[in-house]
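Working notes, structure below.
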Amino acid sequence: RKKVTIKKLHQMREAGTPIAMLTAYDYPTARACEAYGVDMTLVGDSLAQVCLGYDSTTRLTLDEMLYHCKAVARGSKTPFLLADMPFGSYQAGADDAVRNAVRLVQEGGMEALKLEGGEEIVELVRRMTRVGIPVMAHVGLLPQRHTSCSGYRVQGKDAASAASVLRAAQALEDAGAFAIVLEAIPSKLGEYITRQLSIPTIGIGAGPGTSGQVLVWDDMMGTWNGHKAKFVRRFAEAKTAHKSGVTGYVEAVRQRSFPDESESYCIDDGEWEAFLR
Ligand code: KIV
Ligand code: NA
């Protein structure tokens, strides 16, 4: 497979070829994205919940994100590789945001970064884009703001809210975003925004009319025990495999049926007698 570039992603949008984006959090998940045809690998800050056991993405630090980015980067060659800027790493002024973004590129090995927000981050997106850090925008439901929004809510359900999502998407494209995630909005709005923009739209809970789709690894693999959003489809039942693997192992140890002869090392009879003498 050939390296996926921004140019390739834009060509896919123009050709109407759907873009498949998936999250990865470590070396093995990155290898799976690499091996099985994912176009864009995202080190999502969903890392906080599905890998680190936090209750919200807002708990994830820049250093934690960097640590996981490095592992993903070691396992990723072909897919376009990007990460979420963690909550707090791009809110304390443009200089601080650019410094943190540079760390994710330089130390973390990321090619681009994703930023949640609307018109209030347009200036920052312009600045990052100008210095050569490609930005993927993210509008609609913004998980990093679940507290100020009193929960995880579908956005754009009324005319005013739909208009503000569209306006934000347009402003972010104008500021130089190379692509945009649309999260939890009505599918009509997802399709409408996709037609209005000239950059790829990547939907999660935004219907089938976007340029591509993204899901969280653990959601689509069926390993996640928590809440399952309406937009999640389980493409595998990895939890079932984990359960039978772990229970089978524990049982075999208890019954002493593991290890057997073929899984054990032997010593020459003569050597053994000598040892005993
Ligand atoms: O953190 C994440 O995994 C994401 C995607 C689901 C868009 O932001
Ligand atoms: Na995220």
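Nothing in this text is a laboratory measurement; each read-out follows from the coordinates by a stated rule. As the structure is a prediction and not an experimental result, all values here were calculated from the model. Cβ atoms come from the backbone with ideal geometry, glycine included; neighbour counts cover every protein chain shown.
Could you state, as a whole-number percent, how many of the C-alpha pairs of region 1-130 are farther apart than 19 Å?
On the way: 4145 of 8385 pairs.
It works out to 49 percent of all Cα pairs.
Ranking Asp45, Asp174, Asp269 by Cβ neighbours within 10 Å, fewest first, what do you get?
The fewest-first ordering by Cβ neighbours comes to Asp269, Asp174, Asp45.
Expected output is a single nm value to one decimal: the length gained when fully extending between Arg74 and Tyr265, i.e. 0.36 nm times separation in residues minus the C-alpha distance. What is it? Numbers along the way, then the final one.
On the way: separation 191, 0.36 × 191 = 68.76 nm, distance 3.45 nm.
Contour length minus Cα-Cα distance gives 65.3 nm.
Modelled label-to-label distance, Val154 and Gln11, 7 Å Cα→beta-carbon offset: nm?
Once both label points are built, they end up 3.7 nm from each other.
Give a residue-ordered list of calculated ³J(HN,Hα) values for region 232-246 (Karplus: 6.51 cos²θ - 1.76 cosθ + 1.60, θ = phi - 60°; whole Hz; x for Gly, Pro).
With coefficients 6.51, -1.76 and 1.60, one gets 7, 10, 8, 8, 8, 10, 4, 4, 4, 5, 4, 4, 5, x, 5 Hz.
Can you pull out the GluC sites (Glu not before Pro) in region 56-143 whose DSSP state is coil and whose Cβ has at most 15 other Cβ atoms within 10 Å? Present the calculation step by step, with values, prior to reporting the outcome.
Values: sites: Glu64, Glu107, Glu111, Glu116, Glu119, Glu120, Glu123; in loops: Glu107, Glu111.
Passing sites in region 56-143 are Glu107.
To the nearest 500 deg cm²/dmol, what mean residue ellipticity at 222 nm is calculated for the chain from DSSP H runs of n ≥ 4 alone, each contributing -39,500 (n - 2.57), summed and divided by the residues?
Details: 11 runs with 114 residues, N = 277.
About -12000 deg cm²/dmol.
Take the alpha-carbon centre of region 218-277, take the same for region 1-80, and report the distance between them in whole Å.
Taking the Cα centre of each part, region 218-277 and region 1-80 sit 28 Å apart.
Give the cross-link partners of Lys2 among the lysines, using a straight C-alpha distance below 17 Å as the criterion and excluding same-chain residues fewer than 8 apart.
Output for Lys2: Lys77.
Using a cut-off of 12 Å between beta-carbons, work out the net charge of the residues near Met110 (Lys and Arg +1, Asp and Glu -1, Met110 not included). Don't jump to the answer; show the numbers that get you there.
Numbers: positive: Lys70, Arg103, Lys114; negative: Asp84, Glu107, Glu111.
With Lys, Arg at +1 and Asp, Glu at -1, the neighbours total 0.
Using a 10 Å cut-off around each Cβ, can you sort Glu263, Glu173 from fewest to most neighbouring Cβ atoms?
Values: Glu263 7, Glu173 20.
The order, fewest Cβ neighbours first, is Glu263, Glu173.
Between Pro79, Pro28, Pro200, where does the largest GNM mean-square fluctuation fall for the chain, given springs only between Cα atoms within less than 10 Å?
For the chain, modelled as a Gaussian network with Cα springs under 10 Å, the answer is Pro28.
Please find, in a Gaussian network model of the chain (springs between Cα atoms separated by less than 10 Å), the residue of Gly248, Gly75, Gly203 whose mean-square fluctuation is greatest.
Gly248
Once Lys and Arg get +1 and Asp and Glu get -1 on their Cβ, which of Cys51, Thr247, Ile121 lies farthest toward the positive end of the dipole of the chain?
So the residue we want is Ile121.
Using a simple charge model, +1 on the beta-carbon of Lys and Arg, -1 on the beta-carbon of Asp and Glu, nothing else, what dipole does region 39-129 show about its Cα centre, in debye to the nearest 20?
Details: 9 positive and 14 negative charges, 80 e Å.
Computed charge dipole of region 39-129: roughly 380 debye.
Check the straight Cα-Cα distances from Lys228 and name the lysines below 17 Å, setting aside those fewer than 8 residues away within the same chain.
Within the straight-line limit of under 17 Å, Lys228 reaches these lysines: Lys239.
In degrees from 0 to 90, rounded to the nearest 10, what is the angle of the helix 6-15 Cα long axis to the longest principal axis of the chain?
Tilt of helix 6-15: around 70 degrees.
To the nearest 20 debye, what charge dipole does the chain have about its Cα centre, counting +1 at the Cβ of each Lys and Arg and -1 at the Cβ of each Asp and Glu? Mind showing how you got there, number by number?
Values: 32 positive and 33 negative charges, 226 e Å.
So the dipole magnitude of the chain works out to roughly 1080 debye.
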